[in-house]
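The values are calculated or read from the model by the stated rules, or taken from the named source; none is laboratory data. Keep in mind it's a predicted model, so treat the numbers as computed, not measured. Here the Cβ is made from the backbone with ideal geometry for all residues, glycine too, and neighbour counts use every protein chain on show.
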Amino acid sequence: MAKIKTLKQLQRLRDSIQKDRKSEEVVVNVCCGTGCLANGSRSVAEAFERELKKTALGARVVARTTGCHGFCQRGPVVVIHPQRIFYQHVQKNDVEEIVGETLINGRNIERLLYQDPYTNLPIVHDDEVPFYKQQNRLVLGLNGVIDPDCIEDYIDHGGYAALARAVLEMSPEDVIDAVERSGLRGRGGGGFPAGRKWRSCRNAPGDVRYVVCNGDEGDPGAFMDRSIMEGNPHSVLEGMIIGAYAIGSNQGYIYVRLEYPLAIKNLRRAIDQARGFGFLGEDILNSGFSFDIEINRGGGAFVCGESSALMASLEGEAGEPRAKYIHTVERGLWGKPTNLNNVETWANVPWIITRGPEWFRSIGTEGSPGTKVFSLVGKVNNNGLVEVPMGMTMRQIIYDIGGGIQKGKQFKAVQTGGPSGGCLPASLLDLPVDFDELTRHGSMMGSGGMIVMDEDTCMVDVARYFLDFLKEESCGKCTPCREGIRSMMDILTAITRGEGKEGDIELLEELARAVRLGSLCALGGSAPNPVLSTVRYFRDEYEAHIDGRRCPGKTCKALITYSINADACTGCTVCARNCPVEAIQGERKKTHTIDPALCIKCGICLDNCNFGAVEIR
């Protein structure tokens, strides 16, 4: 492949790609993100290739594997363009029917269409499905459209035009000024203004500077960055190259979790392709600017999401944070000025250069411009990745996009910002979601995890669960984090076991403040959030555990009892036959009982009873 050296050459290449593809009247996009792959989408894609070869459709129909479409719960997902026909739960055995009925005869297959839960009517087009309808997919926009292994797909959709404009038509100062005026804030957690960080790094003394992309993403339930790296790796590379040009860096690193093999594979191929076209390497676009990128694999330590710990890991040292009076933009990787942003932040940069900072600021809120990608998981009907304008309310995200709470139950809380985030109650459902509002109410944006909880959730146990995670992930370097988290965890465990005592709530609050103030890095500084937010909004649950020895969420085993409602029991014996400890007695067609002395509270009887006779008190 010939290296691109001018804007005209890039435009000619794009024109050539688009001309060659005019014959592609129909494109079948098969989601091959990690979620859909786990449900068999690779065999679906292979089946399309086989079936299309058997037909006379020829070059008029192309089957393409893409990254994550976002609606992971409905995978494998197939979208047929240009009609935008959305098929869900597609299996390889469905492919022959899709080719024959839809592609040849033009008839939709109703059983594969999304069913509107309110009208029970099928919805044909993906942009009319409620999950997608209110999203504003910028960063995720090409995920379900391009083949991540094909740089021509990215160029066809305007890829690397922002890079060409930046290095050929703008000075480094112009680029930084554009990012500053856009108001882009880091999407990795802290929300620090990206342009200000870039300027500080450029102005730091020294001749060598580094650019780093944080793709570690250690939050439970979070997969935003993974899906971007898997589905559109070139957007991340392009953003990094533009940033390196602005900062004055010639070397970049992408730090990716070892558990993300598909992301690593697609990034490596994208880097090779970018080098081949002259977008990476020496004298990029004949501009005199040189820059290259290497991939480093992290071992999965949550603390390595912190900037200085990540850089220590990159250097081959233990992933431990450094004192905060040392700023990484001045003394980062190998003691040199280093600019670190996360995957989503870098992927926003090409949009800002192409469309302008004013356009970017027109999306979102005054203090938090642009969009944000969330992983919407938990007790919500529509699980998956969503990208919405900053300022959309939690109610809109959870109910309009997420489809509400599973099984018609009541919403109780949503935890935002990963394990170090806070839990917000139903009274805040109309809270606009942006950096400042979440922080003001005791949570944080974090990298974008959003875990929805229903009425059956015990908030004390939720705080205990996240502290248990943070206790294991603390590097142990500083005493407040190492011992403080463990002490809070011990108190929470005792409360959930029915061993709580008067003064525990106040002690938790005191410990939380000490950990927040004394910890060396953001892991310890934000670790108290699950405790402080649940005490703030669900104090009555703590009091019920301690004073009443009961669990309102009916979750904590030491505080609940299983019984059988005699009026509802039919004597079917299903519960008795499935009980692993033979704690249920009763004859067929007669009321059964549970022996509390034998019951281990495993919940199998509750799950297997078809008559609602098993109760928890």
Having 1 or more residues that are out of contact with any helix residue (DSSP H, G or I) (no Cβ under 7 Å at 6 or more places or on another chain), assigned by TED's automatic domain parsing to the domain that holds L470 and of a type in the set (S, T, Y) is the bar; report the helices (runs of 4 or more DSSP H) wholly within segment 500-617 that clear it. 529-537
Can you pull out every residue in segment 186-219 that is aromatic (F, W, Y) and in a helix (DSSP H, G or I)? W198
Could you list, in sequence order, all residues of segment 492-520 that are within 16 Å of D547 (Cα to Cα) and exposed (fewer than 13 other Cβ atoms within 10 Å of the Cβ)? K501, E502, G503, E506
Residues located in segment 314-341, provided they are buried (at least 21 other Cβ atoms within 10 Å of the Cβ) and within 26 Å of Y245 (Cβ to Cβ): L314, T328, V329, G332, L333, P337, T338, N339, L340, N341
Does Y118 satisfy being aromatic (F, W, Y) and over 27 Å from N266 (Cα atoms)? yes
Check on R137, within 30 Å of L285 (Cα to Cα) and either in contact with an Asp or Glu (Cβ under 7 Å, 6 or more places away or on another chain) or assigned by TED's automatic domain parsing to the domain that holds N381 (or both): yes
Wholly within segment 233-328, helices (runs of 4 or more DSSP H) carrying at least 2 residues that are assigned by TED's automatic domain parsing to the domain that holds G188, more than 30 Å from S526 (Cα to Cα) and not charged (D, E, K, R): 233-247, 261-276
Could you say whether any residue in segment 486-497 is at pLDDT 95 or above and touching a Pro at 6+ places or on another chain (Cβ under 7 Å)? no
Working carefully through the options E330, E315, find the one that is farther than 25 Å from T34 by Cβ, out of contact with any strand residue (DSSP E or B) (no Cβ under 7 Å at 6 or more places or on another chain), in contact (Cβ under 8 Å) with a residue 24 or more places away in the chain and acidic (D, E). E330
Taking the condition in contact with a helix residue (DSSP H, G or I) (Cβ under 8 Å, 6 or more places away or on another chain), of a type in the set (A, V, I, L, M, F, W, C) and crowded, with 17+ Cβ neighbours inside 10 Å, does L184 pass? yes
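Among the residues of segment 123-140, are any on the phi > 0 side of the Ramachandran plot and surrounded by 20 or more Cβ atoms within 10 Å (Cβ to Cβ)?
Looking through segment 123-140, none of the residues is on the phi > 0 side of the Ramachandran plot and surrounded by 20 or more Cβ atoms within 10 Å (Cβ to Cβ).
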Residues in segment 523-548 that are touching a Gly at 6+ places or on another chain (Cβ under 7 Å) and among the hydrophobic types (A, V, I, L, M, F, W, C): how many? 2
Restricting to segment 400-438, count the residues that are free of Cβ contacts under 8 Å to residues at least 24 places away in the same chain and closer than 21 Å to T365 by Cα. 2
Tally up the residues in segment 442-474 that are touching a residue at least 24 places away in the same chain (Cβ under 8 Å), over 21 Å from the mean Cα position of the chain (by Cα) and surrounded by fewer than 19 Cβ atoms within 10 Å (Cβ to Cβ), please. 2
Give the residues of segment 116-156 that are over 22 Å from R21 (Cβ atoms), outside any loop (DSSP other than H, G, I, E, B) and either at pLDDT below 95 or under 24 Å from the mean Cα position of the chain (by Cα) (or both), sorted by residue number. E128, P130, F131, Y132, K133
Condition met for G70 (surrounded by 15 or more Cβ atoms within 10 Å (Cβ to Cβ), touching a Gly at 6+ places or on another chain (Cβ under 8 Å) and not in a helix (DSSP H, G or I)): yes
Does any residue in segment 208-220 that is among the β-branched types (V, I, T) come within less than 9 Å, Cβ to Cβ, of a residue that is in a loop (DSSP other than H, G, I, E, B) and buried (at least 22 other Cβ atoms within 10 Å of the Cβ) six or more places away or on a different chain, and which pairs are these? V208/S249; V208/P337; V211/S249; V212/T328; V212/G332
